[in-house]
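Have a look at the structure below, then the notes.
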Amino acid sequence: MAKHLLTISDLTKAEIEAVFEKTKIFKERQKSGIPHQPLLGKTITLIFEKVSTRTRVSFETAMYQLGGNAIFISQRDSQIGRGEPIKDTARVLSRYVDGIVIRTFGHDIVEEFARYSSVPVINGLTDLHHPCQVLTDVFTIVEKKGGCKGLKVAWIGDGNNMANSWIEAAARMSFDLMLACPDGYLPDKDILERAKKDAKSRIEIVKNPKDAAKDADVLNTDVWASMGQEDEAEKREKAFKGYQINSDLLKLAKKDAVVMHCLPAHRGEEITDDIMEGPNSVVFDQAENRLHVQKVILEKLLT
C-alpha cells in the first residue's frame with residue numbers, strides 16, 4: 001500500500017479488495033466484542049479546515065478502538081490559519097504524531113502536506129476528491145450485493161469531489177458508472193479522461209437522470225450545494241431541478257436497487273424523505289461503514 005492515501009487511484013484493485021476483506025473481519029470482530037489494538041501508543045492528528053460530523057467522529061473512534069489516540073485541530077487552532085507554510089507544519093507534526101488526516105478545500109494542500117510529511121497523510125476530503133467516503137460506499141455495495149463487478153451505479157447530481165472519486169473507483173473495480181449532471185456541473189475532465197483510459201467498465205456522463213437510473217443497481221447522490229458553495233445555493237437549486245432521487249426515479253432502477261447518500265442530506269432537495277427512510281435505502285449502513293473501513297486504512301498505513 002502507498003505511504004499516503006490522497007485519492008482512490010493511489011490504491012490498486014488488489015489493495016482495495018484487501019481493505020474490503022479486512023473490513024469484514026473488523027466489523028465482525030467489533031460485533032463480537034473482541035478487542036483489537038494494533039495501534040496502541042500511536043497518535044494521529046486531524047486537521048480540519050472544513051467542519052464534519054462523520055469524518056471526525058469515525059476517525060477519532062477508529063483510533064480509540066484500535067488502541068491509539070487522535071488530536072483534533074480546527075482551522076482556528078492551527079498556525080496554518082495564521083499563515084504558517086504548509087511544509088513547515090507538515091514537518092513539525094511529523095515529529096509528533098504517526099499519521100495526519102486532513103479535511104480541507106484545495107487538493108494541492110494535501111499534496112503539499114504529503115510531499116513534506118514523513119508520516120502517512122490521509123485525505124479526509126478536498127474539493128477534488130473524497131476517497132475514504134467512496135471506498136466506504138463501494139464496500140457497502142459489496143456488502144449488500146455480494147460484489148460490485150458488472151453492476152450499474154447511477155450518480156445523480158453534482159459532478160463534485162464525490163463524483164470524481166466514484167469515477168476513479170469505477171475504473172479500479174470494474175463496475176459501470178453513469179453520471180447524470182447538468183451543464184456546468186460536470187466532473188473533473190482530467191480525472192474522467194484518465195479513468196476512461198484505465199477502465200474495463202463503462203463510465204459515461206448523461207444529462208437526463210432517467211437515463212442514469214434505468215436498470216441501475218445503485219442510485220447515489222449528494223447535496224446540490226456543498227460547503228463553501230452556500231452563496232450559489234439559489235443558482236444551484238435552479239440548475240439541479242429534476243436531479244432528485246424520488247419514487248419516480250427509483251421505479252426506473254432494478255427492484256432490488258440500493259439508494260445511497262454520503263450525508264448530510266437536504267431532504268426534499270436531492271433526495272426525498274420517503275426514499276431516505278424507505279426499504280431500498282442503505283444510507284445509515286453506509287455511514288456506519290466509515291468507521292470500519294477507516295480502521296483498516298489506519299492499521300495498514302500506520303503499521
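What follows draws every value from the coordinates through simple rules; no lab data is involved. Everything numeric here is computed off the predicted structure, so don't read it as measured data. Cβ placement follows ideal geometry from the backbone for every residue including glycine, while neighbour counts extend to all protein chains displayed.
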Problem - Reach of Lys241 by Cα under 28 Å, taken over lysines that are not fewer than 8 positions away in the same chain - result: Lys50, Lys152, Lys189, Lys207, Lys210, Lys214, Lys251, Lys254, Lys255
Practice task
First select every other residue whose beta carbon is under 13 angstrom from the beta carbon of Gln37; then total the charges, Lys and Arg +1, Asp and Glu -1.
Solution key: +2
Handout entry: Computed [θ] at 222 nm, deg cm²/dmol, the chain (DSSP H ≥ 4; -39,500 (n - 2.57); rounded to nearest 500)
Key = -13000 deg cm²/dmol
Completion exercise
In the neighbourhood of Gly228 defined by beta carbon distances under 11 Å, the net charge of the other residues (Lys, Arg +1; Asp, Glu -1) is -4
Completion exercise
Largest fluctuation, Asp137, Asp158, Asp211 only, Gaussian network model of the chain with Cα springs under 10 angstrom, belongs to Asp211
Exercise for the section: At a Cα cut-off below 16 Å, give the aspartates and glutamates reachable from Lys235, other chains included and same-chain residues fewer than 8 away excluded. Expected result: Asp158, Asp183, Glu269, Glu270
Handout entry: Ratio of Rg to Rh over region 16-170 (Cα coordinates, Kirkwood Rh, two decimals)
Key = 0.99
Fill in the blank from the handout: Hydrodynamic radius by Kirkwood for region 133-282, inverse mean 1/r across distinct Cα pairs, in Å, is 15.1
Fill in the blank from the handout: A correct Stokes-Einstein calculation for region 112-195, using the alpha-carbon Kirkwood radius, 20 °C and 1.002 mPa s, returns a whole-number D in µm² s⁻¹ of 156
Fill in the blank from the handout: Measuring from the longest principal axis of the C-alpha atoms of the chain, the long axis of helix 107-116 (C-alpha) lies at a number of degrees, nearest 10, equal to 30
Fill in the blank from the handout: Label model pair Lys214, Arg115: point-to-point distance (7 angstrom along the Cα→beta-carbon line) in nm is 4.6
Practice task
Between the alpha-carbon centers of region 260-278 and region 125-140, tell me the distance in whole angstrom.
Solution key: 18
Problem - Ile25/Tyr64 FRET efficiency (R0 25 Å; Cβ-Cβ; nearest 0.05) - result: 0.85
Handout entry: Inverse mean reciprocal Cα-Cα distance (Kirkwood Rh) of the chain, Å
Key = 19.6
Fill in the blank from the handout: With no solvent term and unit scatterers on the alpha-carbon positions of region 65-138, Debye gives log₁₀ I(q)/I(0) at q = 0.17, 0.22 Å⁻¹ of -0.67, -1.09
Practice task
Quick one: among Gln286, Gln37, Gln65, which has the greatest mean-square fluctuation in a GNM of the chain with alpha-carbon springs under 10 angstrom?
Solution key: Gln37
Practice task
First select every other residue whose beta carbon is under 11 angstrom from the beta carbon of Phe20; then total the charges, Lys and Arg +1, Asp and Glu -1.
Solution key: 0
